[in-house]
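Encoded as structure tokens, the structure appears first; notes follow it.
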Amino acid sequence: MKTNKVKRAIIMAAGKGERLHPITLTTPKPLVAVNGKRMIDTVIDSLHRNGLSEIYIVVGYLKEQFKQITDKYSGITIIDNPYYETCNNISSLYMAREYLEDAVILDGDQIVYNDEILSPEFELSGYNAVWTDEHTEEWLMSVQNGIVTGCSRTGGSHGWQLYSISRWNAEDGKRLRKHLEIEFEQKKNRQIYWDDIPMFCYPQEYRLGIREMRRDDIVEVDNISELVKLDSGYRMYL
């Protein structure tokens, strides 16, 4: 099977992070520091250690604060999402659609602990995933012979939990751009996740694999309680 290689990264960072209020009333969630380091810095530093320096960050909420990132790092391009308040995250990827070929797409509000999960080489387009026997309410993929055969929005057990790190080869990147334009421009379908496109809108047009990883390779911080478990300095917000 052909080996592909990621050439660029798209970091999604436009959301309001409302489940981390009141912290995110004044700070975008990706810029929240955990144990002294901002979440998005763990993502960018890991990308750099994997040789990826062409990075696009899609911003919206409190976008001016991301100047801190362009001041610190070179090779960063900021993309403004003017739809972030009224549309779901399909709008963010739509704004970055010209950079989807040979790209890794990931969220800026997660903490990367293992650089290997962002390694640029891959065979099939698809998502990083963790096997779970226990019940989860996260999206859960079914996989046969290395190929994704289905996905449950409502979760389940005994499946591959989808994480917000995905790689797309040149062909699938072009396909994803076309489908984004159809859904966002023509159908005005703006309240879906961008991941709905390959998983539920056009699953027959993608042949996706998974990138296995361990649960402790990355942490997605969803609420104040999870943040406090990682950094007790935020206990005052409980």
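The values are calculated or read from the model by the stated rules, or taken from the named source; none is laboratory data. Because the structure is predicted, anything quoted here is derived from the model rather than measured. Glycine also receives a Cβ, built like all others from the backbone with ideal geometry; neighbour counts cover every protein chain displayed. Keep in mind that these areas ignore ligands, DNA and RNA; they rest on the heavy atoms of the full protein, side chains included. Shrake-Rupley method; radii C 1.70, N 1.55, O 1.52, S 1.80 Å.
When all protein chains stay in place and ligands, DNA and RNA are ignored, the 1.4 Å accessible-area order of His21, His179, largest first, is His21, His179.
Computed from the Cα positions only, the extents of the chain along the three principal axes stand at 48, 38, 35 Å, in decreasing order.
The portion of the accessible surface of region 1-152 made up by carbon and sulfur, rounded to a whole percent, is 44 (1.4 Å probe; DNA, RNA and ligands excluded).
Taking other residues whose beta carbon is less than 10 angstrom from the beta carbon of Leu47, and scoring Lys, Arg as +1 and Asp, Glu as -1, yields -1.
Available extension along the chain between Leu230 and Lys7 is 77.1 nm, counting 0.36 nm per residue and deducting the alpha carbon span.
The accessible area of Leu25, taken with all protein chains in place and a 1.4 Å probe, comes to roughly 100 Å². Residues whose amide H falls under 5 Å from that of Val221, counting only those 5 or more places apart or on a different chain, are Ile111, with hydrogens built in the peptide plane.
Using the reciprocal of the averaged 1/r over all distinct C-alpha pairs, how large is the Kirkwood radius of region 32-97 in Å? Computed over region 32-97, the radius equals 12.9 Å.
Surface analysis of the chain yields an accessible area of 48 Å² per residue, using protein heavy atoms and a 1.4 Å probe. Compute the separation of the alpha-carbon centres of region 114-156 and region 1-71 and state it in Å as a whole number. So the separation of the two Cα centres works out to 22 Å.
Counting other Cβ atoms within 10 Å, which chymotrypsin sites (Phe, Trp or Tyr not before Pro) in region 1-66 have at most 12 and lie in a DSSP loop? When the chymotrypsin sites (Phe, Trp or Tyr not before Pro) of region 1-66 are filtered for loop state and at most 12 Cβ neighbours within 10 Å, nothing remains. Placing +1 on each Lys and Arg Cβ and -1 on each Asp and Glu Cβ, with no other charges, gives region 151-223 a dipole about its Cα centre of roughly 240 debye. For Cys87, the accessible area of its heavy atoms, probed at 1.4 Å with every protein chain present, is near 20 square angstrom. Considering only beta bridges that DSSP places wholly inside the chain, some 55 percent are antiparallel.
Think of each Lys and Arg Cβ as +1 and each Asp and Glu Cβ as -1; about the Cα centre, that makes the dipole of the chain roughly 380 debye.
Put simply, the amide H of Leu208, placed in the peptide plane, has neighbours under 5 Å in Val148, leaving out anything fewer than 5 places away on its chain. A simple count of charges around Cys201, restricted to other residues whose Cβ falls under 11 Å of its Cβ and scoring Lys, Arg +1 and Asp, Glu -1, yields -3. Give me the Debye-computed log₁₀ of I(q)/I(0) at q = 0.12, 0.16, 0.20, 0.21 Å⁻¹ for region 41-179, equal point scatterers on Cα only, no solvent, two decimals. Log-scaled intensity ratios, in q order: -0.55, -0.99, -1.40, -1.46.
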